[in-house]
Protein chains: 2
Amino acid sequence: MIVGVLGGGQLGRMLALAGLPLGVRFRFLDPDAGCPSRDVGELVVGAYDDEAALGRFVQGVDVVTYEFENVPAKTARWLTEHVSVFPSEVALATAQDRLAEKACFVAEGIEPAPHAKVDTEAEFRAAIERMGTPCILKTRRFGYDGKGQWVIRSAADAERAWGEAYPFDAARTRRTDAADLILEGLVPFVRELSMLGVRGKDGECRFYPPVRNTHERGILARSVAPAPGVSDAQREAMERATARVMERLGYVGVLAVEYFDLGGGRFVANEMAPRVHNSGHWSIEGAECSQFENHIRAVCGLPLGSTSVRGSSVMLNAIGGLPDMRGLLGLPGVHVHIYGKAPRAGRKIGHVTACAQDIAAAEELAGKAAAMLRNC
Amino acid sequence: MIVGVLGGGQLGRMLALAGLPLGVRFRFLDPDAGCPSRDVGELVVGAYDDEAALGRFVQGVDVVTYEFENVPAKTARWLTEHVSVFPSEVALATAQDRLAEKACFVAEGIEPAPHAKVDTEAEFRAAIERMGTPCILKTRRFGYDGKGQWVIRSAADAERAWGEAYPFDAARTRRTDAADLILEGLVPFVRELSMLGVRGKDGECRFYPPVRNTHERGILARSVAPAPGVSDAQREAMERATARVMERLGYVGVLAVEYFDLGGGRFVANEMAPRVHNSGHWSIEGAECSQFENHIRAVCGLPLGSTSVRGSSVMLNAIGGLPDMRGLLGLPGVHVHIYGKAPRAGRKIGHVTACAQDIAAAEELAGKAAAMLRNC
């Protein structure tokens, strides 16, 4: 069995590290010959919209999946015509577009964050009026890690955001490459949670426990799994919501849904990622079968693995520079994952997971690891 | 950091799967372009004694290790002159030769199995006389998985063994390519145990718990970790013995020593392997830090990882044909490792590890897995 992965980043690399022991081989398509997946399978170097490269990529591959959702629609179409692709084109199209994503939540009776479609300046003004500030203007597509987002607290912010997000050319006509936009209201959440589900080809769904996430400067910094203090009722409600989305999309593979926890058992859905997700990295050591192995099992049509946890885990991203490896490896229970990327400010170059029997011990261990990451 | 591994078999593959997350990259030297390690690093295809291939192999590599002990002495010498090699040439030379291995045990006060050096037919006859039958004639070098061994129960066996092991040419002179031999007495052991130790460049030693091994037709079939019923005193004695061997050899990396447990806390040392070992595969899921990760940590001069166990594990080798994957993956707690080798009678093509909180549950799970392996 050969799995083709669109994208050769760290998610592709970790998919292969989990899939190789199952006897699965990997081929990646990535424009960067030095991408993290180069060491764990065959790499086809090419642009995602280069049909010749796509042709080489799919040759002899049994199934294609992807490790990022910003796959061009034309590429998704081309792939679907040539090979089995999981998750499907419709899942990709829905998750790519913040508006379609929210419409999907609504259609399944899941409350999304307050939001408004923004195509014109008049719609933009009216939406701010209605929603109040602070609010966030976002591109509907191709945003990630805080990119393509403008927080609006004042009229001046609104002016600047509109100018940057929706620039006009010299003739004051709309630029054809301007992104479609959405205005989102800020939700008074008590915390951010995510839930990772996996759905097999036979429709079976399994769920990892809710994860508590903390972001810094728009990038995930920290995940705690299982999130403490989530009632069984809330967990089950989140599982049902995630299952409904997966069923609606005929989903195969791992889906991540981010939720805002409003307290008192209430939550709204923020967004989804149709792939393995940074908030599931803890599962490599912290769950019986990791999100990566389960994604590969699902897209290969194999039985799903157990999502049961082993104790408690705290995952910390290593952002920017290489951490103090000797220090980290000297901490029993801390597991280090370096992705083979050149260090650069703001770049995720690895992560560590602190595992222990209970959350207090995992937090204490993570505190020690954090000091060694801050040395970056 | 780039680690060069001599040999591209499943042990090399699992070393890379454990080392890649540490940010280590791998290069392998193997005569077979289709070897299991081809997917997890750069592969130099060449014979182990081909100096041009060795030159390409060591170019830019930070440290060299190996995944089998039958490295030609000339190759070990050449490598040592060009690059850091761990474990060292002396460790390799000792473990390669059953006689030197036993002399090493004796020098450290560890009782080996009864044995005699056999260079001539007269020595062979005398040794059988002294040791009694059954006994085993073995080649001193390059035997593995029961190859190069002749069990002797009768005079006819002795005749046949001598003829096969020590053939003469037509002129009845000793053939120059005949192997040196050793005769070993059978020890009335109650069970076979192995102990895996790891020693860092700074001399720190850590030990996995004793493992109980069962062989079938000379090939390891099953390992149980931790071996039940080993007293603390016996475990500590085995740790001390293993530590003494590692210290004597200035060892760096994982060393496996096989012991015969004679009952009542007594044991003799059977043999050693200067590398990661089949009886340590359970440690991938069953220990905090696996033998593979610890070997890479050691040869790279990084701090050693925790050898603490997570519950109990039973490892079963998949020998011959591919197992029933769907069945195995449907068993929670069973972890499957397929090496990417073409199935062939008598060939280790993968292993599975059944993990559970206690030995009874792990044994029960392994029983179910065994039925799916027997489908091979």
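The values are calculated or read from the model by the stated rules, or taken from the named source; none is laboratory data. A quick note: this is a predicted structure, and the numbers were derived from the prediction, not measured. Backbone-built Cβ (ideal geometry, glycine too); neighbour counts: all protein chains shown. Surface accessibility is based on the protein's heavy atoms, side chains included, excluding ligands, DNA and RNA. Shrake-Rupley method; radii C 1.70, N 1.55, O 1.52, S 1.80 Å.
Condition check ((1) more than 25 Å from residue A:236 (Cα to Cα); (2) touching a residue at least 40 places away in the same chain (Cβ under 8 Å); (3) charged (D, E, K, R)) across all residues:
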| site | (1), (2), (3) |
| --- | --- |
| A:272 | no, yes, no |
| A:315 | no, yes, no |
| A:334 | yes, no, no |
| A:351 | yes, yes, no |
| A:361 | yes, yes, no |
> Only one of (1) away from chain A (no Cβ under 14 Å); (2) in contact with a strand residue (DSSP E or B) (Cβ under 6 Å, 6 or more places away or on another chain) fails for residue B:244. Which number is that?
Replying inline: (2)
> Looking at the stretch B:295-322, which of its residues are closer than 30 Å to residue A:304 by Cβ and facing chain A (nearest Cβ under 10 Å)?
Replying inline: B:305, B:306, B:308, B:310, B:311, B:322
>> Here's a check for you: in the stretch B:323-363, which residue that is β-branched (Val, Ile, Thr) and over 20 Å from residue B:32 (Cβ atoms) is farthest from the other protein chains (Cβ to nearest Cβ)?
In response: B:359
> Only one of (1) touching a strand residue (DSSP E or B) at 6+ places or on another chain (Cβ under 9 Å); (2) at negative phi is not met by residue A:340, so which one is it?
Replying inline: (2)
>> Given the options A:161, A:171, A:178, A:156, name the one that is outside the structural domain of residue A:308 (by TED's automatic domain parsing), assigned to a loop (DSSP other than H, G, I, E, B) and either open to solvent by less than 20 Å² (accessible area, probe 1.4 Å) or modelled with pLDDT of 80 or more (or both).
In response: A:178
>> So residue B:289 ticks every box in (1) open to solvent by 10 Å² or more (accessible area, probe 1.4 Å); (2) facing another protein chain (nearest Cβ under 9 Å); (3) in contact with a helix residue (DSSP H, G or I) (Cβ under 8 Å, 6 or more places away or on another chain); (4) not aromatic (Phe, Trp, Tyr) but one. Which box is left unticked?
In response: (1)
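Here are some residues: A:361, A:356, A:345. Which one is open to solvent by 30 Å² or more (accessible area, probe 1.4 Å), over 23 Å from the mean Cα position of the chain (by Cα) and either in the same structural domain as residue A:239 (by TED's automatic domain parsing) or on the phi > 0 side of the Ramachandran plot (or both)?
Every option except A:361 fails the conditions.
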>> Restricting to the stretch A:292-324, and then to whatever is of a type outside the set (A, V, I, L, M) and not in a loop (DSSP other than H, G, I, E, B), can you tell me which residue is surrounded by the fewest Cβ atoms within 10 Å (Cβ to Cβ)?
In response: A:317
> Could you give every pair whose Cβ atoms fall below 8 Å, whose first residue belongs to the stretch B:2-31 and is without any contact (Cβ under 8 Å) to a residue 24 or more places away in the chain and in the same structural domain as residue B:66 (by TED's automatic domain parsing), and whose second residue is open to solvent by less than 10 Å² (accessible area, probe 1.4 Å) and among the polar types (S, T, N, Q), counting only separations of at least 6 or pairs across chains?
Replying inline: B:30/B:37
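Looking only at the stretch B:326-342, which residues are of a type in the set (A, V, I, L, M, F, W, C), open to solvent by 20 Å² or more (accessible area, probe 1.4 Å) and modelled with pLDDT of 95 or more?
Filtering the stretch B:326-342 for residues of a type in the set (A, V, I, L, M, F, W, C) gives B:328-329, B:331, B:334, B:336, B:338, B:342.
When the remaining residues are screened for being open to solvent by 20 Å² or more (accessible area, probe 1.4 Å), the result is B:331, B:342.
Across the stretch B:326-342, the qualifying residue is only B:331.
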> Condition test on residue B:279, is it under 22 Å from residue B:371 (Cα atoms), in contact with a strand residue (DSSP E or B) (Cβ under 9 Å, 6 or more places away or on another chain) and away from chain A (no Cβ under 14 Å)?
Replying inline: yes
> Only one of (1) at the interface with chain B (Cβ under 10 Å from one of its Cβ atoms); (2) open to solvent by 20 Å² or more (accessible area, probe 1.4 Å) fails for residue A:371. Which number is that?
Replying inline: (1)
> Would it be correct to say that residue B:26 is farther than 19 Å from residue A:21 by Cα and buried (at least 24 other Cβ atoms within 10 Å of the Cβ)?
Replying inline: no
> Of the conditions (1) over 20 Å from residue A:348 (Cβ atoms); (2) assigned to a loop (DSSP other than H, G, I, E, B); (3) more than 14 Å from chain B (Cβ to nearest Cβ), residue A:259 fails just one. Which one is it?
Replying inline: (2)
> Looking only at the stretch A:182-214, which residues are of a type in the set (Phe, Trp, Tyr) and under 16 Å from residue A:271 (Cβ atoms)?
Replying inline: A:189
> Does at least one position in the stretch B:139-148 carry a residue that is at pLDDT 90 or above and not hydroxyl-bearing (Ser, Thr, Tyr)?
Replying inline: no
